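**Q** Input: one structure, supplied below.
The values are calculated or read from the model by the stated rules, or taken from the named source; none is laboratory data. Here the structure is a predicted model, which means the values were calculated and not measured. Cβ placement follows ideal geometry from the backbone for every residue including glycine, while neighbour counts extend to all protein chains displayed. Just the protein is used for accessible areas: all its heavy atoms, side chains included, with ligands, DNA and RNA removed. Shrake-Rupley method; radii C 1.70, N 1.55, O 1.52, S 1.80 Å.
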Amino acid sequence: MQNERLISILEEVLEGYVSTTEIEEVIATLRQEVAVKNAKSAGKQDLYKAMMAVIKSAKKHHPHQEGLHGAWIDDGKQYVSNGYMLIENSGTPLDLPTLPDDAKPMNVQPIIKARAEKEYPDTLVCPTIAELKSGIKEQKALAKYKYDKIRDVRCHLGGGHVANAEYLQIAVQATGSTTVHAENHIAGRDDQYQVGELWFESDDGTVRVLVLPVRGRPSDDSIGFDYSK
């Protein structure tokens with residue numbers, strides 16, 4: 001919020017003309033600015049931005065699933081999810097928007113337990129944030145040129161591993177790592193498709209990110225970007 005806008009609202013408060021909604025807006029904005037400042041001071045600015053991006057995505061794609069509309073703590077760790085990816089922060093919890101009081105959070109324990117029991121034999125290299133941004137921008141421009149209504153931009157990582165490029169960008173931002181540990185798993189009903197989940201982890205082990213894949217053919221070793229309509 002610009003200082004001029006803040007001053008204007010505070011002056012209206014003094015004059016008794018400001019609404020409750022405007023006061024709540026000021027408080028929310030100031031809290032977010034403080035949260036960003038604290039995250040930056042702790043060296044967690046990128047993680048904060050990544051987790052906020054997941055919350056924003058959850059509200060956009062699942063407006064009625066309030067159990068995804070904020071961060072929550074489970075077994076001492078902080079989580080956010082949009083239903084397609086999950087970020088686990090086992091370090092100091094960040095000052096993120098929390099779930100509504102009556103919202104039931106996602107049960108992450110089965111996911112974490114399965115993560116410990118499964119094997120992830122495929123080690124892949126994810127593009128950097130700059131490469132992901134460039135790939136996303138190029139595919140959106142291509143879709144616009146072809147008058148296609150784009151659903152998402154996909155990134156092919158090789159070996160049939162494919163994922164939403166924007167989710168990969170968030171994962172790299174959260175962890176600082178471009179190394180992907182991939183489950184080599186074939187779809188149960190259709191053995192033509194690779195559906196193994198993808199995991200990223202920060203160097204200090206305090207941040208892990210799960211990204212669910214887009215189905216790809218195991219024989220497809222292509223690396224690069226395309227889009228789906």
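**Q** Just to be sure, is GLN45 surrounded by fewer than 17 Cβ atoms within 10 Å (Cβ to Cβ), under 19 Å from SER177 (Cα atoms) and free of Cβ contacts under 8 Å to residues at least 40 places away in the same chain?
**A** Criteria met by GLN45.
**Q** Still on this model: Taking the condition of being in contact with a helix residue (DSSP H, G or I) (Cβ under 9 Å, 6 or more places away or on another chain) and among the polar types (S, T, N, Q), how many residues in region 144-201 meet it?
**A** Residues in region 144-201 being in contact with a helix residue (DSSP H, G or I) (Cβ under 9 Å, 6 or more places away or on another chain) and among the polar types (S, T, N, Q): 5 in total.
**Q** Right, here's the next one. Read through the list (1) surrounded by 15 or more Cβ atoms within 10 Å (Cβ to Cβ); (2) at negative phi, then give the number of the only condition that GLY83 fails.
**A** With (1) surrounded by 15 or more Cβ atoms within 10 Å (Cβ to Cβ); (2) at negative phi applied to GLY83, the lone miss is (2).
**Q** Tally the residues that are assigned to a loop (DSSP other than H, G, I, E, B) and surrounded by fewer than 20 Cβ atoms within 10 Å (Cβ to Cβ), restricting the search to region 115-166.
**A** Taking region 115-166 first, the residues assigned to a loop (DSSP other than H, G, I, E, B) are 118-121, 126-128, 146-151, 159-160.
So of that shortlist, the ones also surrounded by fewer than 20 Cβ atoms within 10 Å (Cβ to Cβ) come out as 118-121, 128, 146-151.
Count: 11.
**Q** Give the residues of region 201-225 that are farther than 25 Å from LYS113 by Cβ and either touching an Asp or Glu at 6+ places or on another chain (Cβ under 6 Å) or open to solvent by 40 Å² or more (accessible area, probe 1.4 Å) (or both), sorted by residue number.
**A** If we filter region 201-225 for residues that are farther than 25 Å from LYS113 by Cβ, which is where we start, we get 216-225.
Matches in region 201-225: ARG217, PRO218, SER219, ASP220, ASP221, SER222, ILE223, PHE225.
**Q** Next question. Considering only residues of region 171-200 that are open to solvent by 40 Å² or more (accessible area, probe 1.4 Å) and at pLDDT 95 or above, which is nearest to ALA50 (Cα to Cα)?
**A** Filtering first and then ranking leaves GLN173.
**Q** Might you let me know whether region 105-112 holds any residue that is of a type in the set (A, V, I, L, M, F, W, C), touching a Gly at 6+ places or on another chain (Cβ under 7 Å), in contact (Cβ under 8 Å) with a residue 12 or more places away in the chain and under 28 Å from LYS59 (Cβ atoms)?
**A** Going residue by residue through region 105-112, those that are of a type in the set (A, V, I, L, M, F, W, C) are 106, 108, 111-112.
Imposing the further condition that a residue be touching a Gly at 6+ places or on another chain (Cβ under 7 Å) reduces the set to 106.
Within this subset, residues satisfying the condition of being in contact (Cβ under 8 Å) with a residue 12 or more places away in the chain are 106.
Now drop any that are not under 28 Å from LYS59 (Cβ atoms), which leaves 106.
Within region 105-112, one or more residues are of a type in the set (A, V, I, L, M, F, W, C), touching a Gly at 6+ places or on another chain (Cβ under 7 Å), in contact (Cβ under 8 Å) with a residue 12 or more places away in the chain and under 28 Å from LYS59 (Cβ atoms).
So that you can scan it fast, the table gives a plain yes or no per residue for (1) among the aromatic types (Phe, Trp, Tyr); (2) part of a loop (DSSP other than H, G, I, E, B); (3) over 24 Å from GLY196 (Cα atoms):
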{"position": "TRP72", "(1), (2), (3)": "yes, no, yes"}
{"position": "TYR79", "(1), (2), (3)": "yes, no, no"}
{"position": "ILE87", "(1), (2), (3)": "no, no, no"}
{"position": "PRO93", "(1), (2), (3)": "no, yes, yes"}
{"position": "PRO100", "(1), (2), (3)": "no, yes, yes"}
{"position": "ALA103", "(1), (2), (3)": "no, yes, yes"}
{"position": "MET106", "(1), (2), (3)": "no, yes, no"}
{"position": "PRO110", "(1), (2), (3)": "no, no, no"}
{"position": "LYS113", "(1), (2), (3)": "no, no, no"}
